[in-house]
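Just so it is clear, none of the values below were taken in a lab; they were calculated from the coordinates. This is a predicted model, so every value here is computed, not measured. Here Cβ is always computed from backbone atoms with ideal geometry, including for glycine, and neighbour counts include all displayed protein chains.
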Amino acid sequence: MLDKKTPEEIKILREGGKKLGQILRQLVEETVVGNTGRKLNDRAEKLIKQAGGVPSFKNYQGFPAALCVSINDVVVHGIPTDESFQEGDLVGLDLGMQYKGLYTDTAITVGVGRISSAAEKLLFATKKSLDLAISQLKVGGYISDIGQTIEQFIKPYGYGIVRDLAGHGVGRQVHENPSIPNYYIGRNSVKIFDGMVIAIEPMLIINNNWRIKIKNNKWDVVSQDGSLTAHFEHSVAITQDGPIILTE
């Protein structure tokens, strides 16, 4: 079942998404050498409460925190710890919030201090692939167009596109249908419609090995060979007038 959001719901999602985007930008400013994931998580909870929202990840399917903090080879779902950020780290921040009963979801990967040129290139490509995918969204298009756009852009870089994780619908729940692969699966039958709200989230590995595994804590998803990773995400509403990025 694919849910069409009403104009009033999209208005609330825009309001909540804007607040969530502001919170994420504040956390980015604090992602510096010596800070920790646990401190950022505490900060995220405080900022969400101040914004009138509720952390949507905390206790969701047992996840123990409000913020996912994924460092270097951790693709997503990193549990915040007391490990200090080091110069050159790549730190993924993934945050969701329930606001007035509706959910938005956003993520960014941040370089700590001075990072390598290879890491800079990975961040650029991941963010650019997200921007391109969003720009192509239109009523009457197909969900599979998203993965096709991402894959076509990323292919020349030689990066691995994680295949076992995907974007998703969002809005009335943390995760909704449809599933949105970040690679081309062939033209599928899921058409994009007016009022659809989705979270697009390319997840890349710096080499061409896209395989992942889960650490013993049952949450941290890491690259199989320990390579650097990056993850960016926006919640987006699609209307007759085009896509609206909710979490900017």
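Taking only pairs six or more apart or across chains, which ones have beta-carbon atoms under 9 Å, a first residue in the stretch 1-16 that is among the basic types (Lys, Arg), and a second residue that is surrounded by fewer than 17 Cβ atoms within 10 Å (Cβ to Cβ)?
As it stands, the answer is Lys4/Phe193; Lys4/Asp194; Lys5/Arg172, since those pairs meet every condition given.
Suppose we keep only residues that are in a helix (DSSP H, G or I) and not charged (D, E, K, R) within the stretch 39-56. Which one would you say is surrounded by the most Cβ atoms within 10 Å (Cβ to Cβ)?
Checked the stretch 39-56; the qualifying residue surrounded by the most Cβ atoms within 10 Å (Cβ to Cβ) is Ala44.
Considering every residue within the stretch 21-33, establish whether at least one is in contact with a Cys (Cβ under 8 Å, 6 or more places away or on another chain) and either at negative phi or small (Gly, Ala, Ser) (or both).
The answer is no, given that none of the residues of the stretch 21-33 is in contact with a Cys (Cβ under 8 Å, 6 or more places away or on another chain) and either at negative phi or small (Gly, Ala, Ser) (or both).
In the stretch 65-78, which residues are touching a Phe, Trp or Tyr at 6+ places or on another chain (Cβ under 8 Å), part of a loop (DSSP other than H, G, I, E, B) and either of a type in the set (D, E, K, R) or farther than 17 Å from Leu165 by Cβ (or both)?
Ala65, Ala66 - these are the residues of the stretch 65-78 that are touching a Phe, Trp or Tyr at 6+ places or on another chain (Cβ under 8 Å), part of a loop (DSSP other than H, G, I, E, B) and either of a type in the set (D, E, K, R) or farther than 17 Å from Leu165 by Cβ (or both).
(1) surrounded by fewer than 16 Cβ atoms within 10 Å (Cβ to Cβ); (2) within 18 Å of the chain's Cα centre (by Cα): which one isn't true of Asn59, the others all being true?
With respect to (1) surrounded by fewer than 16 Cβ atoms within 10 Å (Cβ to Cβ); (2) within 18 Å of the chain's Cα centre (by Cα), Asn59 is out only on (2).
Can you tell me which residue in the stretch 213-245 is surrounded by the most Cβ atoms within 10 Å (Cβ to Cβ), limited to those that are acidic (Asp, Glu) and more than 16 Å from the chain's Cα centre (by Cα)?
Restricting to residues being acidic (Asp, Glu) and more than 16 Å from the chain's Cα centre (by Cα), the top hit is Asp225.
Among what's in the stretch 17-38 and is among the small types (Gly, Ala, Ser) and either part of a helix (DSSP H, G or I) or without any contact (Cβ under 8 Å) to a residue 24 or more places away in the chain (or both), pick the residue that is nearest to Lys100 (Cα to Cα).
Across the stretch 17-38, the extreme among qualifying residues is Gly17.
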